[in-house]
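K.L.:
Structure below; questions to follow.
Every read-out reported here was derived from the displayed coordinates using simple, explicitly stated rules and does not represent laboratory data. The structure displayed is predicted, hence computed values, not measured ones. No Cβ is skipped: glycine too gets one built from the backbone with ideal geometry, and neighbour counts run over all protein chains shown.
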Amino acid sequence: MLKIGVLVSGRGSNLQAIIDSIESGKLKASLEVVISDNPKAYALERCKKHKIDYQIIEMKNSPFRRDFEEKIAEVLKSKNVELVVLAGFMRILSGHFLRYFPYRVINIHPSLIPAFQGLHAQRQALDFGAKFTGCTVHIVDESVDGGPVIIQAVVPVLPEDTEDKLAQRILKWEHKILPQAIQWFAEERVMIEGRKVFIKDARYGELPVNPALEIF
């Protein structure tokens, strides 16, 4: 069974989606540890409720970014983590960290990257006047929200949308495509060729999600 570690900074709704998918049997993975850089993150309450091992590693306790990343990597390696999942983790990881887990760090971002990278992606979409946005699970590289795309879900932007309304509609799809991407890793179906990611035997070409969901 695939051993995963999840990095969080906030409320942890995507963490909850992973937990729910594992507990329901849809996701065949073992959540070995959750690491937060924020001791007040609500995600930690979710860990307590579900009896999941968690650790708090704060940036302020490390003199340099590299030391901070080393501490995180040490915990993940001690748990034999095979896939690192960023679920609302508000730190940019360096190439130094990524070399510990080559092509095995994934992130969920609330836009159809390469559009609207970085913070406040939903606000960016509204300000730009986009008619569609969505969410993306991608391989993490040294860019900001610019790594190879695994799966995307399309969400229409409505005239009456506020940033919060749009974010909530996108979030519903985040909670599906992130566990799905993890499941593909668990099944060893993720094929990476340069910037392109292919899922072996997946169904392509349908909307709103491409490749198509399988466990939902």
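K.L.:
Kindly provide the trypsin sites (Lys or Arg not before Pro) of the stretch 152-190 that DSSP labels as loop, not H, G, I, E or B, and whose Cβ sees at most 16 other Cβ atoms within 10 Å. Write out the running numbers ahead of the final one.
P.N.:
Working: sites: Lys165, Arg169, Lys172, Lys176, Arg189; in loops: Arg189.
Filter output for the stretch 152-190: Arg189.
K.L.:
Work out the charge dipole of the stretch 86-216 with +1 on the Cβ of Lys and Arg and -1 on the Cβ of Asp and Glu about the Cα centre, then indicate which of Pro148, Met191, Asn210 is farthest towards its positive end.
P.N.:
My answer, from the dipole projection, is Met191.
K.L.:
Here is a follow-up. Amide H neighbours of Phe101 under 5 Å, at least 5 residues apart or on other chains, H built in the peptide plane: list them.
P.N.:
none
K.L.:
Okay, moving on. Dipole magnitude of the stretch 138-216 about its Cα centre, charges +1 at Lys/Arg Cβ and -1 at Asp/Glu Cβ only, in debye to the nearest 20?
P.N.:
On the way: 9 positive and 14 negative charges, 51 e Å.
Charge dipole of the stretch 138-216: 240 debye, to the nearest 20.
K.L.:
Something else: On a 0 to 90° scale, report how tilted helix 13-23 is relative to the longest principal axis of the chain, with both axes built from alpha carbons and the result rounded to the nearest 10.
P.N.:
Taking Cα atoms only, the helix is inclined about 80 degrees.
K.L.:
Next up: Would you kindly derive the ³J(HN,Hα) couplings of the stretch 76-92 from the backbone phi angles with the Karplus curve 6.51 cos²θ - 1.76 cosθ + 1.60 (θ = phi - 60°), listing them in order in whole Hz, with x for Gly and Pro?
P.N.:
Calculated HN-Hα couplings, in order: 4, 5, 5, 9, 6, 5, 9, 9, 9, 10, 8, 10, x, 8, 9, 10, 8 Hz.
K.L.:
Taking 0.36 nm per intervening residue step and subtracting the Cα-Cα distance, what contour gain separates Thr162 from Lys40 on full extension? Present the calculation step by step, with values, prior to reporting the outcome.
P.N.:
Working: separation 122, 0.36 × 122 = 43.92 nm, distance 2.70 nm.
Additional length available on full extension: 41.2 nm.
K.L.:
With the Cα gyration tensor of the chain in hand, give its eigenvalues times 5 under a square root as the equivalent ellipsoid semi-axes, listed largest first in whole angstrom. Mind dumping the intermediate values first?
P.N.:
Values: eigenvalues 131, 82, 62 Å².
Working from the Cα gyration tensor, I get semi-axes of 26, 20, 18 Å.
K.L.:
For Phe132, which sequence-distant residues (separation of 5 or more, or a different chain) have an amide H within less than 5 Å of its own amide H, given hydrogens modelled in the peptide plane?
P.N.:
For Phe132, the qualifying residues are Val157.
K.L.:
Can you pull out the trypsin sites (Lys or Arg not before Pro) in the stretch 6-71 whose DSSP state is coil and whose Cβ has at most 12 other Cβ atoms within 10 Å?
P.N.:
Loop-located and lightly packed - Lys40, Lys51.
K.L.:
Step through the residues of the stretch 114-121 one at a time and calculate ³J(HN,Hα) from phi using the Karplus curve (6.51 cos²θ - 1.76 cosθ + 1.60, θ = phi - 60°), rounding each to whole Hz and writing x for Gly and Pro.
P.N.:
These are the phi-based 3J(HN,Hα) values: x, 6, 6, 7, x, 6, 6, 4 Hz.
K.L.:
Restricting to Cα atoms and excluding each atom paired with itself, what does the Kirkwood estimate give for the stretch 113-156 in Å?
P.N.:
The Cα-based Kirkwood calculation yields 10.9 Å.
K.L.:
Let me ask you something else. Using +1 on the beta carbon of Lys and Arg, -1 on that of Asp and Glu, and nothing else charged, what's the dipole of the chain about the Cα centre, debye to 20? Working shown, then result.
P.N.:
Working: 29 positive and 27 negative charges, 57 e Å.
Approximately 280 debye in magnitude.
K.L.:
Using a basic spin-label model with each label point 7 Å from the Cα along Cα→Cβ, how many nm lie between Tyr103 and Lys196?
P.N.:
Here the modelled spin labels are 1.4 nm apart.
K.L.:
If you don't mind, there's one more thing I want to ask. Please list, by residue number, every one of the chymotrypsin sites (Phe, Trp or Tyr not before Pro) in the stretch 56-144 that is coil in DSSP and has at most 10 other beta-carbon atoms within 10 Å. Could the numbers behind the result be given before it?
P.N.:
Details: sites: Phe64, Phe68, Phe89, Phe97, Tyr100, Tyr103, Phe116, Phe128, Phe132; in loops: Phe64, Phe89, Tyr100, Tyr103, Phe116.
Sparse-neighbourhood loop chymotrypsin sites (Phe, Trp or Tyr not before Pro): Phe64.
K.L.:
Here's something else I'd like to know. Shape call for the stretch 1-120 from the C-alpha gyration tensor, a ≥ b ≥ c root eigenvalues: rounded (a/c under 1.5), prolate (a/b greater than b/c) or oblate?
P.N.:
On the way: a/c = 1.31, a/b = 1.17, b/c = 1.13.
Since a/c stays below 1.5, the shape of the stretch 1-120 is classed as rounded.
K.L.:
On to the next question. Could you list, in their original order, any pairs among Lys51/Lys200; Lys3/Lys49; Lys71/Lys172; Lys49/Lys79; Lys40/Lys131 whose Cα atoms are separated by more than 26 Å?
P.N.:
Values: Lys51/Lys200 34 Å; Lys3/Lys49 20 Å; Lys71/Lys172 32 Å; Lys49/Lys79 21 Å; Lys40/Lys131 36 Å.
The pairs that break the limit, which is 26 Å between Cα atoms, are Lys51/Lys200; Lys71/Lys172; Lys40/Lys131.
K.L.:
Helix 163-186 sits at what angle to the longest principal axis of the chain, using alpha carbons and giving 0 to 90 degrees rounded to 10?
P.N.:
Approximately 60 degrees, to the nearest 10.
K.L.:
Hey, any idea what Rg/Rh is for the stretch 69-144, computing Rh the Kirkwood way over Cα pairs? Don't jump to the answer; show the numbers that get you there.
P.N.:
Working: Rg = 14.3 Å, Rh = 13.6 Å.
On the Cα set of the stretch 69-144, Rg over Rh gives 1.05.
K.L.:
Another question about this same structure. Using only helices, what value at 222 nm comes out for the chain when you add -39,500 (n - 2.57) per DSSP H run of length 4 or more and divide by the total residues, to the nearest 500 deg cm²/dmol? Intermediate results must be reported in sequence, preceding the final value.
P.N.:
Values: 6 runs with 69 residues, N = 216.
The per-residue figure over the chain is -10000 deg cm²/dmol.
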